[in-house]
Amino acid sequence: MNLPLRRRAIYTGLKPFLNATEMSQALSMWETEFSLKPTYALASFVTRCCTSDELRRIRTQILRALITALESPESLLLTDPGSQVGKQTLVDDDSNIVLDAKNSVFVALSSALWTAVDETTEKSIIDFILRNLTHLELSSDQSRKLKDWFISRNTTFPCNFELTILQKLINLNYIALCEYYGPVKADKLLSQATHAVEPEAIQRQFNLHDLL
């Protein structure tokens, strides 16, 4: 695994836990001090990344996430953030995105669907969606941003997509659910998720069924 690929794995593993400044510092430290060291050195790396009590409490979780990312296929890794040596903070172009109603409800509905299944099935569903993104006629930038969001799902949705794209993404979710659970249970899970998200859709004055 070359340096950019390993950096992508480290970035993917750390993304759910660190803010932009912490991430830049962690990636810089990894590249200058740990990138050539064996995997067992990750424990020391994580210890040094955990600069607050909050992070120290989840140190084991962070280490496990890093190991998982390093063992993951390239298709499940976030886009390379580039070298952070000498930089003060990681620039996040999507940090100020304001989502419209349909995209906000899409995020809520997707999250409700994934929450209803176990972690292994959730990852399999995401993998299925990622393998089928090429059918959505996205620009390369849209495809990259969407892929990164699906891989690191607790981050801000990257941009406002057209309704047709969101409909296709929900349909991919549903097809994957059918493959794992059969159409009867898939319909039940979709119905439960729709019911759970309906209040938010009403609040945002968006017809939830337009996504289906």
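Read the figures in this text as sums done on the coordinates, not as results from a lab. Here the structure is a predicted model, which means the values were calculated and not measured. As a convention, Cβ positions derive from the backbone with ideal geometry for all residues, glycine included, and neighbour counts pool all protein chains shown.
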| field | Karplus (6.51, -1.76, 1.60) ³J(HN,Hα), θ = phi - 60°, over the range 2-17, in Hz, Gly and Pro reported as x | value | 6, 4, x, 5, 5, 5, 4, 5, 5, 4, 4, x, 8, 3, x, 10
| Separation between Cα centres of the range 144-174 and the range 184-210, rounded to whole Å | 17 Å
| Top positive-direction residue, dipole computed over the chain with Cβ charges, set LEU99, GLN25, LEU212 | GLN25
| said: If I stretch the segment between THR134 and MET29 completely, what's the gain in nm (0.36 nm per residue apart, minus their alpha carbon distance), one decimal? | reply: 34.3 nm
| Per residue and in Å³, how big is the convex hull formed by the alpha-carbon atoms of the range 3-76? | 82 Å³
| query | Expressed as cubic angstrom per residue, what is the convex hull volume of the alpha carbon set of the range 101-211? | reply | 93 Å³
| At a Förster distance of 35 Å, what's the computed FRET efficiency of ILE175 paired with ALA101, Cβ-Cβ distance as r, to 0.05? | 0.90
| Ascending count of other beta-carbon atoms within 10 Å, so fewest first, for VAL107, VAL98, VAL197, VAL85 | VAL98, VAL85, VAL107, VAL197
| task | Can you figure out the FRET efficiency of ASN19 with THR121, using R₀ = 30 Å and their beta-carbon distance, to the nearest 0.05? | result | 0.50
| said: Run the helix sum for the chain: -39,500 (n - 2.57) per DSSP H stretch of 4+ residues, divided by residue count, reported at 222 nm to the nearest 500 deg cm²/dmol. | reply: -19000 deg cm²/dmol
| remark: In the neighbourhood of LEU163 defined by beta carbon distances under 15 Å, the net charge of the other residues (Lys, Arg +1; Asp, Glu -1) is -1
| query | What do you get when you divide the Cα radius of gyration of the chain by 2.2 N^0.38 Å, with N the number of residues? | reply | 1.10
| request: Report, ordered by chain and residue number, the lysines lying within cross-link reach of LYS145, taken as a straight Cα distance under 25 Å and ignoring same-chain residues fewer than 8 apart. | output: LYS15, LYS87, LYS102, LYS123, LYS168
| task | Using label points projected 7 Å from each Cα along Cα→Cβ, tell me how many nm separate THR51 and SER191, to one decimal. | result | 5.2 nm
